[in-house]
């Protein structure tokens, strides 16, 4: 094996033209860690933010970006019980932020953040799953503990996590209310499992109450912290809101007043760990995709690391719902 690999390694903030593929040293595996031959990965908005130099202080340059990957085990360190050639997924654990990520032919990660799986689905399908599945699955099952028969609002439903959460909530047997600012995306949301599609404007709270006069059971907040007061007001006593993300960039509420939370309504958050998506859970979703009962929204599939630039360009426009996947050819 060569002692180098192809990767996109950034030494500082760059524009789109700076996402150049170069040869870098092949990373060595160490005890407790796994080297993965990357076969595909999803491209995420947080990676666009990192490329632009606008990430939080936990992100550092120089860095190979990429917060998720699927591929096969290439080598293992002492204490790791995974066979070479095993198909695996990985995300979290600082991948692409504090340790080098997936915009490469190989990546080395802590074995604790590796999920083995077996499927004959293509890498173009599996590559878009790890991050959005982990976040959507974890926020619904750990953050909300959503149950069949409950009603749930997905606020920010046309994001990649939102679309996945709609599909998972539907699979769990919940009644799904999904929001969008673009009414033309109603058919997309209905196709992945939304029972009610609501336009996210000043009438949203009234629209929710028209469907559930006593309030809904649960909500995932993906739009931003400043949207929380309105969403909280639509929840029944005993219901729960889980804050997951801030598509609009508002992560905090200025001068927050705890009495904003209605009496008896619970507010929590979900940041997530790779372990929240168990091997069994991932296997269940892969089988559902194979059976045609779960359909992740893939906006585009791109062949080769050179196409990362194209995926970033599309993400910056935010005009196309769904995940962009890079398939990494083997040499």
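Bear in mind that the values in this text are calculations on the coordinates, not laboratory data. Note that the structure is predicted; figures quoted are calculated from it, not measured. When we count neighbours, we look across all protein chains shown, and the Cβ atoms used for this are built from the backbone with ideal geometry, even at glycine.
Per-structure values
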read-out: Computed [θ] at 222 nm, helices only, for the chain once each DSSP H run of length n ≥ 4 contributes -39500 (n - 2.57); value: -6500 deg cm²/dmol
read-out: Ranked 103, 285, criterion: other C-beta atoms within 10 Å, fewest first; value: 285, 103
read-out: Ratio of Rg to Rh over the chain (Cα coordinates, Kirkwood Rh, two decimals); value: 0.98
read-out: Of 95, 189, 16, the one that fluctuates the most in a GNM where the chain has Cα springs shorter than 10 Å; value: 16
read-out: Global geometry of the range 121-206, whether rounded, prolate or oblate, following the gyration tensor of its Cα atoms and the 1.5 cut on a/c; value: oblate
read-out: Whole-Å distance, taken between Cα centres, linking the range 118-168 and the range 1-52; value: 26 Å
read-out: Sites residue 72 and residue 256 - FRET efficiency at Förster radius 51 Å, r taken between beta-carbons, to 0.05; value: 0.65
read-out: Ordering of 224-235, 134-145, 249-260 by packing [mean C-beta count within 10 Å, highest first]; value: 134-145, 224-235, 249-260
read-out: Selected from 187, 110, 295 as most flexible by GNM, with the chain as the system and alpha-carbon contacts under 10 Å; value: 187
read-out: Segment residue 2-residue 318, length gained on full extension (0.36 nm per residue, minus Cα span); value: 109.9 nm
read-out: For the range 132-269: relative contact order, % (alpha-carbon pairs under 8 angstrom, 6 or more apart); value: 22 percent
read-out: Gyration tensor (alpha-carbon) shape descriptor, the range 132-269, a/c threshold 1.5; value: rounded
read-out: Gain upon complete extension [residue 199, residue 268; 0.36 nm per residue less C-alpha separation]; value: 22.4 nm
read-out: Of 68, 221, 54, the one that fluctuates the most in a GNM where the chain has Cα springs shorter than 10 Å; value: 54
